[in-house]
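K.L.:
One structure coming up, written as structure tokens, with questions to follow.
The values are calculated or read from the model by the stated rules, or taken from the named source; none is laboratory data. Please read all numbers here as calculations on a predicted model, not as lab measurements. Here the Cβ is made from the backbone with ideal geometry for all residues, glycine too, and neighbour counts use every protein chain on show.
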Amino acid sequence: MTLAKRIIPCLDVDRGRVVKGVNFLGIRDAGDPVEVARRYNEQNADEITFLDITASHEARGTTLDMVSRIAGEVFIPLTVGGGIRSCDNIRALLNAGADKVSINTAAVTDPDFVYEAAERFGSQCIVVAIDAKRVSEDDEPPRWEIFTHGGRRPTGLDAVAWSRKMVEYGAGELLVTSMDRDGTREGFDLGVTRAISDAVSVPVIASGGVGNLDHLVAGVKEGGADAVLAASIFHFGEYTIEQAKQHMARHGIEMRL
Amino acid sequence: MTIAIIDYGMGNLHSVAKAIEHVSPDERVTITRDARAIKGASRVVLPGQGAIRDCMGELERTELTGLVKELLLDASKPLLGICVGQQMLMDKSEENGGVRCLGYMPGRVTRFDDTAVDEQGERLKVPHMGWNRVHQHHMHPLWEGIPTGERFYFVHSYFVRVDDDDHAMGYIDYAGSRAHVATGRDAVFAVQFHPEKSADAGLRLLANFVTWSP
């Protein structure tokens, strides 16, 4: 087995600026995504994901410009997510230089959109974001449901069944985020990661809750993830991507070093 | 000198263009479907993404099939196929219920087995997505400065197997199959991975293509 597991740093971007993480330290006030992307590229990141949290429709042009500038100098895969609702959105992002798009809420409100997007652009560039929350009691068999709007709105959809459906509809990869763990630094929800990874044939990215490098190892070994996504442990300068890769490799995980 | 990236409507051509511009700032890189521009270029890139039926169909619809076949036989014009652009050079693909391809290299395109498991019993995911080691099977000017076993970025479910060992330039082993992820014949070199997304190794391969005189 020589296919490497991937580490994907994730940047929250608002109107073309990094808004989370980096600026807290005061190192880079409202960080320039191009600069941050360049740094992660130098640290040997396997891919980079941007979550566009820009609320207004008008400001989307800034995101396209940002993607275009990054694609001009960072030659690793770029995924862009956040607010993608139409094939026109996708086409504009791909033309700007994104390699994949991550579809979230629109997949829940209109599953056919995923089908249409995969038909049109190919499954290889369609990532579906699965935001899951545990809904079972501790003494019950574990069960997770899909939530939208940052984990606030329940949908009643079973996360594992929904994941299978999204793959049938053409998702080429699933980004599985535990809404319970997101931001806690307690580690991934390995149960939901494993349940979904075992249920689908496509690669699964584990996300939400990373606080240290052992969490990344567990995401792959126990969660069965093909890639691990993290934000704050890298933004705050606690660890470099390279350190994380070395750590995972020492635990017997195939990495691109 | 102009490098033409053939735009028949499939795939993310901008990434390819940007990467080639990056390694060859003095060349003119153009994304085009104009037959005269493509004929006039000194080098040509044939990209491809998505389903092969659509790629072959769009090539036909844009009336470029004949031109591409001509280019493949022109030993003075280096051509680089990428991703489905590699698969299209074979006789036939089993994708979409069977699609006849350009027939430049004897070989076929089949799907990875998505029931295969690794040594730890973990299921091997299809699409084959991520960074895998490419073993160089024959020496080739496009491998210059790239060690065998170097990792490149892949994303695909179907892969090429050529019939003639002389055409197999590089391979990976995945999900129980040997995939010829780099193939070459005369002035044509074609890869399944994405050099434009494969960091330094990929840029080196593109730089080698830009200076290659077969």
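K.L.:
Going by the structure shown, is B:T115 modelled with pLDDT under 95, within 14 Å of chain A (Cβ to nearest Cβ) and farther than 17 Å from A:M255 by Cβ? Lay out the reasoning, then the answer.
P.N.:
Details: modelled with pLDDT under 95: yes; within 14 Å of chain A (Cβ to nearest Cβ): yes; farther than 17 Å from A:M255 by Cβ: yes.
The answer is yes for B:T115.
K.L.:
Return the only residue of B:I52, B:I31 being surrounded by fewer than 18 Cβ atoms within 10 Å (Cβ to Cβ) and touching a helix residue (DSSP H, G or I) at 6+ places or on another chain (Cβ under 7 Å).
P.N.:
Working: B:I52 fails: surrounded by fewer than 18 Cβ atoms within 10 Å (Cβ to Cβ).
Within the list B:I52, B:I31, the selection yields B:I31.
This table checks each residue for (1) within 12 Å of chain A (Cβ to nearest Cβ); (2) over 18 Å from A:T2 (Cα atoms); (3) small (G, A, S).
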site	(1), (2), (3)
B:E144	no, yes, no
B:F154	yes, no, no
B:S177	no, no, yes
B:A182	no, no, yes
B:R185	no, yes, no
B:D200	yes, yes, no
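K.L.:
Checking A:A171 against (1) in contact with an Asp or Glu (Cβ under 8 Å, 6 or more places away or on another chain); (2) within 14 Å of another protein chain (Cβ to nearest Cβ); (3) farther than 26 Å from A:A249 by Cβ, which single condition isn't satisfied?
P.N.:
Status for A:A171: all satisfied but (1).
K.L.:
Please verify whether A:G82 is more than 14 Å from chain B (Cβ to nearest Cβ) and modelled with pLDDT under 90, treating the condition exactly as stated. Write out each step before concluding.
P.N.:
On the way: more than 14 Å from chain B (Cβ to nearest Cβ): yes; modelled with pLDDT under 90: yes.
Spelling it out, A:G82 is indeed more than 14 Å from chain B (Cβ to nearest Cβ) and modelled with pLDDT under 90.
K.L.:
May I ask you to list the residues in region A:204-255 that are among the polar types (S, T, N, Q) and in a helix (DSSP H, G or I)?
P.N.:
So the first thing to find is which residues in region A:204-255 are among the polar types (S, T, N, Q), and the list is A:207, A:212, A:232, A:240, A:243, A:246.
Correct list: A:S232, A:Q243, A:Q246.
K.L.:
Still on this structure, I have one more. Of the conditions (1) surrounded by 23 or more Cβ atoms within 10 Å (Cβ to Cβ); (2) assigned to a strand (DSSP E or B); (3) away from chain A (no Cβ under 14 Å), B:R108 clears all except one; give me its number.
P.N.:
Result: B:R108 passes all but (1).
K.L.:
Quick one: which of B:G66, B:G98 is surrounded by fewer than 19 Cβ atoms within 10 Å (Cβ to Cβ), at positive phi and without any contact (Cβ under 8 Å) to a residue 60 or more places away in the chain?
P.N.:
Values: B:G66 fails: at positive phi.
Criteria check complete, one pass: B:G98.
K.L.:
Could you figure out which of (1) in contact with a Ser or Thr (Cβ under 9 Å, 6 or more places away or on another chain); (2) more than 14 Å from chain A (Cβ to nearest Cβ) isn't true of B:E122?
P.N.:
With respect to (1) in contact with a Ser or Thr (Cβ under 9 Å, 6 or more places away or on another chain); (2) more than 14 Å from chain A (Cβ to nearest Cβ), B:E122 is out only on (2).
K.L.:
Is it true that some residue in region B:156-166 is in a strand (DSSP E or B), touching a Cys at 6+ places or on another chain (Cβ under 9 Å), within 22 Å of B:A17 (Cα to Cα) and at pLDDT below 95? Reasoning before the result, please.
P.N.:
Here is the first cut: in region B:156-166, the ones in a strand (DSSP E or B) are B:156, B:158-162.
Narrowing further to those that are touching a Cys at 6+ places or on another chain (Cβ under 9 Å): B:156.
This time we only want the ones that are within 22 Å of B:A17 (Cα to Cα), so: B:156.
Pick out the ones that are also at pLDDT below 95 and you get B:156.
Within region B:156-166, one or more residues are in a strand (DSSP E or B), touching a Cys at 6+ places or on another chain (Cβ under 9 Å), within 22 Å of B:A17 (Cα to Cα) and at pLDDT below 95.
K.L.:
Sticking with this one: Looking at region A:97-115, can you tell me whether even one residue there is within 14 Å of chain B (Cβ to nearest Cβ), modelled with pLDDT under 90 and under 19 Å from the mean Cα position of the chain (by Cα)?
P.N.:
Checked against the condition, which is being within 14 Å of chain B (Cβ to nearest Cβ), modelled with pLDDT under 90 and under 19 Å from the mean Cα position of the chain (by Cα), region A:97-115 yields at least one hit.
K.L.:
Another question, if that's okay. Kindly indicate the residue of region A:49-70 that is over 22 Å from A:R120 (Cα atoms) and within 12 Å of another protein chain (Cβ to nearest Cβ) and also farthest from the chain's Cα centre (by Cα) among those meeting that condition.
P.N.:
Residue satisfying both the conditions and the ranking: A:R69.
K.L.:
Exactly one condition in (1) closer than 25 Å to A:W162 by Cα; (2) modelled with pLDDT of 95 or more is not met by A:A230; state its number.
P.N.:
Unmet condition: (2).
K.L.:
Something else now. Test A:V160 against the criterion of being β-branched (V, I, T) and either surrounded by 22 or more Cβ atoms within 10 Å (Cβ to Cβ) or within 12 Å of another protein chain (Cβ to nearest Cβ) (or both), and give yes or no. First the steps, then the outcome.
P.N.:
On the way: β-branched (V, I, T): yes; either surrounded by 22 or more Cβ atoms within 10 Å (Cβ to Cβ) or within 12 Å of another protein chain (Cβ to nearest Cβ) (or both): no.
When the stated conditions are applied, A:V160 does not pass them.
K.L.:
Separate question: Restricting the search to region B:69-95, which residues are among the acidic types (D, E) and touching a residue at least 40 places away in the same chain (Cβ under 8 Å)?
P.N.:
B:D74, B:E94, B:E95
K.L.:
Residues that are within 11 Å of chain A (Cβ to nearest Cβ): which helices (runs of 4 or more DSSP H) entirely in region B:3-86 hold 2 or more of them?
P.N.:
Details: elements: B:13-23, B:35-40, B:52-61, B:65-73.
Counting at least 2 such residues, we get B:13-23, B:52-61.
K.L.:
Within 11 Å of chain A (Cβ to nearest Cβ) and out of contact with any strand residue (DSSP E or B) (no Cβ under 7 Å at 6 or more places or on another chain) - does that describe any residue in region B:125-133? Break it down into steps so the answer makes sense when it comes.
P.N.:
Restricting attention to region B:125-133, the residues satisfying the condition of being within 11 Å of chain A (Cβ to nearest Cβ) are B:125-133.
From the residues that got through so far, the ones that are out of contact with any strand residue (DSSP E or B) (no Cβ under 7 Å at 6 or more places or on another chain) too are B:125-126.
There is at least one residue in region B:125-133 that is within 11 Å of chain A (Cβ to nearest Cβ) and out of contact with any strand residue (DSSP E or B) (no Cβ under 7 Å at 6 or more places or on another chain).
K.L.:
Another question about this same structure. Report, by residue number, each residue of region B:131-149 that is part of a strand (DSSP E or B) and surrounded by fewer than 22 Cβ atoms within 10 Å (Cβ to Cβ).
P.N.:
Answer for region B:131-149, where residues must be part of a strand (DSSP E or B) and surrounded by fewer than 22 Cβ atoms within 10 Å (Cβ to Cβ): B:R133, B:H135, B:Q136.
K.L.:
Please give the number of the condition B:V160 fails out of (1) out of contact with any Leu (no Cβ under 9 Å at 6 or more places or on another chain); (2) closer than 20 Å to B:P47 by Cβ.
P.N.:
Status for B:V160: all satisfied but (1).
K.L.:
Determine which member of the set A:A106, A:A92 is free of Cβ contacts under 8 Å to residues at least 24 places away in the same chain, in a helix (DSSP H, G or I) and not acidic (D, E).
P.N.:
Working: A:A92 fails: free of Cβ contacts under 8 Å to residues at least 24 places away in the same chain.
None of the other options fit; the residue is A:A106.
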